[in-house]
Structure formats: C-alpha cells, structure tokens
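The values are calculated or read from the model by the stated rules, or taken from the named source; none is laboratory data. Model, not experiment: these values are computed from the prediction. All Cβ positions, glycine included, derive from the backbone under ideal geometry; neighbour counts span all protein chains shown.
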Amino acid sequence: MGLLRQVAAAFLTAVLFCGIGVFFVGFATVVSAAELAESLAPCLACHGETGTSTTQEIPSLGGQPADYLLVQLFILRNGQRVAAPMNDLVKNFSDEDLQNFAAAFAKLPAPAAAPAPDSARMERAAALIAKHKCGFCHNPDFTGHDQIPRLARQREDYLVKAMRGYKSGTRSGYDPAMSEVLGPVSDAEILDLAYGLAHQ
C-alpha cells in the first residue's frame, strides 16, 4: 500500500474512533540499512538503542504504531507540536525521511514488563482507566493502533509529563481530545494513571 493510501486509511480510522484529523502526503524511498542506522543514531541516543528509553521524560518508541510516529514527526517538522530539540532535528526531513524513521522505530520491540506493581495503585488506575474510557481509543491492552499511541509500559515520568501538558494546554498537537479528557482529572489521578499504564 502506498504511503498516501496507508496514511489516509489510518486517518479515517482515527477520525471514526476519536475525531482525529491531519493531512500528510509523501512517498517512500529506499535507503540502505547503513544509511538509516547512521541517521537513527542521534535518535537512539535519547530514545534507547532498543526502542526503550532510559532517559528521564523521554518516551520509549519501540512498539509504537508506525502511523502514530509518522504523524508525530510530521507535526514536529511543521511546528504544529513544539518539543525541543525535536523540531530542530527534523526540520529538514523530507516526507520520505519521516516515513523511513517512523517505520524503523515501529519495528523496534516494545518495552519489557516492569517489576511487580503496587496493587493499590493499580486498582486506582484501573478505576480511572474505566471511568475515562482510555481503552476505547488506545485498545483494551493499551498497545495503540494507527494514529493512536501505545501507552502500555511507556515511561511513567513521560506519561505524567504528557498528561500534565495536555491538561494545562501547554502540549499542542492535532486534536483537542486529550485536553478535554484530562481537564477534570486531578494531578493525583494523573500520577495513578501513569503508574498503571507504565506497569501494564
């Protein structure tokens, strides 16, 4: 499937699930494995060589849906989302670069299971997840799909940062859904949600 059809299909699915819409066009080019590895090196330094980040507040990208990564790179390149130093790193990327990077990260393994969690916090998180219907868009197992990100086993501190950003309106993107969902959620509840999702 060509990139245009691939992304259009993902966008339609996301619109049907969560009202998300954004526009991207481009076509893939073939690059050598060596060229791609060299280009990815700066990214892996922060996001983890295996796709699992060990850097504070930097997300793990392994196991994320390729379409989600593609859209995030696109809005970072175009300045619709501001997240230093990513905007500078991708500002000169071609559409082909965006697709190749997204595909490469999506192929990395998802983060491994975390140690046994605190059962009381997991219960609170489960109640909040059910209340806010997180699994409706992110899948019941929180693995994500199409343009919807994987939340399962994501870095806990990154999830806290992202949710606080959506709640305060300081994290912009291509859809207001998360800001609306997190508006009434307290900071204590954000901490429990992040804990629960990070330990799925």
Inset, instruction - Check whether at least one residue in the range 129-146 is touching an Asp or Glu at 6+ places or on another chain (Cβ under 9 Å), buried (at least 18 other Cβ atoms within 10 Å of the Cβ) and of a type in the set (A, V, I, L, M), and report yes or no. - result: no
Legend entry - Index of the failed condition, TYR166 passing every other in (1) among the hydroxyl-bearing types (Ser, Thr, Tyr); (2) within 14 Å of the chain's Cα centre (by Cα); (3) in a loop (DSSP other than H, G, I, E, B): (3)
Legend entry - Matching residues in the range 106-150 - criterion: being assigned to a helix (DSSP H, G or I) and under 11 Å from the mean Cα position of the chain (by Cα): ALA106, HIS138
Inset, instruction - Output the number of the condition that GLN154 fails; it satisfies all remaining conditions of (1) in contact with a helix residue (DSSP H, G or I) (Cβ under 8 Å, 6 or more places away or on another chain); (2) more than 17 Å from GLY62 (Cα to Cα). - result: (2)
Inset, instruction - All but one of (1) among the basic types (Lys, Arg); (2) in contact with a Leu (Cβ under 9 Å, 6 or more places away or on another chain); (3) at pLDDT below 95 hold for ARG121, so report the exception by its number. - result: (3)
Legend entry - Selected residue (only one of PRO117, PRO59 is buried (at least 18 other Cβ atoms within 10 Å of the Cβ) and under 18 Å from HIS199 (Cβ atoms)): PRO59
Legend entry - Scope the range 88-114; condition crowded, with 16+ Cβ neighbours inside 10 Å and without any contact (Cβ under 8 Å) to a residue 24 or more places away in the chain; matching residues: VAL90, PHE93
Inset, instruction - Tell me, please, whether a residue that is touching a residue at least 40 places away in the same chain (Cβ under 8 Å), touching a strand residue (DSSP E or B) at 6+ places or on another chain (Cβ under 7 Å), not acidic (Asp, Glu) and not assigned by TED's automatic domain parsing to the domain that holds ASN87 can be found in the range 149-170. - result: no
